[in-house]
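Chemist: Below is the structure I would like to discuss, written out as structure tokens.
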Amino acid sequence: MKGSILAMNKTGIVYVAFFALTVAVSLSSCRDKRSTGLEYARNMYDPIAYNPDQPNKNFANGQTAQTPPPNTDPVGFVKYEYANTKEGYEAAGKNLVNPLPLTEQNLLQGKHYFTVFCAPCHGDKGDGKGHLVQIEKFTGVPAYHGDAASSRGGMMKDLTAGKIYHTIMYGLNNMGSHASQLSPKERWEVVMYVQKLQKIQ
């Protein structure tokens, strides 16, 4: 009997303590509407470095983000000298040559990227009958082989490596640019695979 009374008192004390804590937390949270409450490890989310749009007294113009010096390129940047024009397309067709060796590994990589980025429209076999064409989302997608004509003149099966690369770089008609999705090496691997598809009879 005495033990059960003590157990009830302990339970009551726990409930009262929990209720008092809840009331204290509720009242303290109502005190200041602008307060963010307790902050843990403030230096974890206050950066030591300047933000790009933050004023910076270390530079004469007061800006953190500075214009790069003339004639400099970001690390890993590969310049593409041909403009997105008919003349640039023709020049790329005459002057650009695939720098990658024709190996099984490069062809496999090209096939992989072609399947991911090109096959939905151009089809797995390069016949212009990809999934998006079959559900009538896009029309007029050319095949890489057979008698398909390029919208820029000539036959698709005769496109040079430079013309294919230029088209991947800038896009054409309904096809958007793939320059942001594929690195220069990956583009050349796709070109290599497309040239293999051009030979299908």
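The values are calculated or read from the model by the stated rules, or taken from the named source; none is laboratory data. This one's a predicted model, so the numbers in the text were calculated from it and none came from an experiment. A quick note on method: Cβ atoms are made from the backbone with ideal geometry, for glycine too, and the neighbour counts reach across all protein chains shown.
Chemist: Between residues in segment 74-90 that are over 13 Å from Ile168 (Cα atoms) and residues that are among the small types (Gly, Ala, Ser) and not in a helix (DSSP H, G or I), which pairs lie under 9 Å by C-beta distance while being six or more apart or on different chains?
Modeler: So the pair list comes out as Gly76/Ser183; Val78/Ser183.
Chemist: Every residue in segment 100-123 that is in a loop (DSSP other than H, G, I, E, B) and touching a helix residue (DSSP H, G or I) at 6+ places or on another chain (Cβ under 7 Å), please. Walk me through it before giving the result.
Modeler: From segment 100-123, those in a loop (DSSP other than H, G, I, E, B) are 100-103, 123; that's our starting set.
Leu100, Leu102, listed by residue number.
Chemist: Could you check Val141 against (1) of a type in the set (A, V, I, L, M); (2) in contact with a strand residue (DSSP E or B) (Cβ under 9 Å, 6 or more places away or on another chain); (3) outside any loop (DSSP other than H, G, I, E, B) and say which number it fails?
Modeler: (3)
Chemist: Look through Ala161, Ala119 and report the one residue that is under 24 Å from Asn84 (Cα atoms) and modelled with pLDDT under 90.
Modeler: Answer to the check: Ala119.
Chemist: Criterion first (at pLDDT 85 or above and of a type outside the set (Gly, Ala, Ser)) does Pro74 satisfy it?
Modeler: no
Chemist: Follow-up. Of the residues Gly126, Gly130, which single one is under 26 Å from the mean Cα position of the chain (by Cα), at positive phi, surrounded by 13 or more Cβ atoms within 10 Å (Cβ to Cβ) and of a type outside the set (Ser, Thr, Tyr)?
Modeler: Gly126
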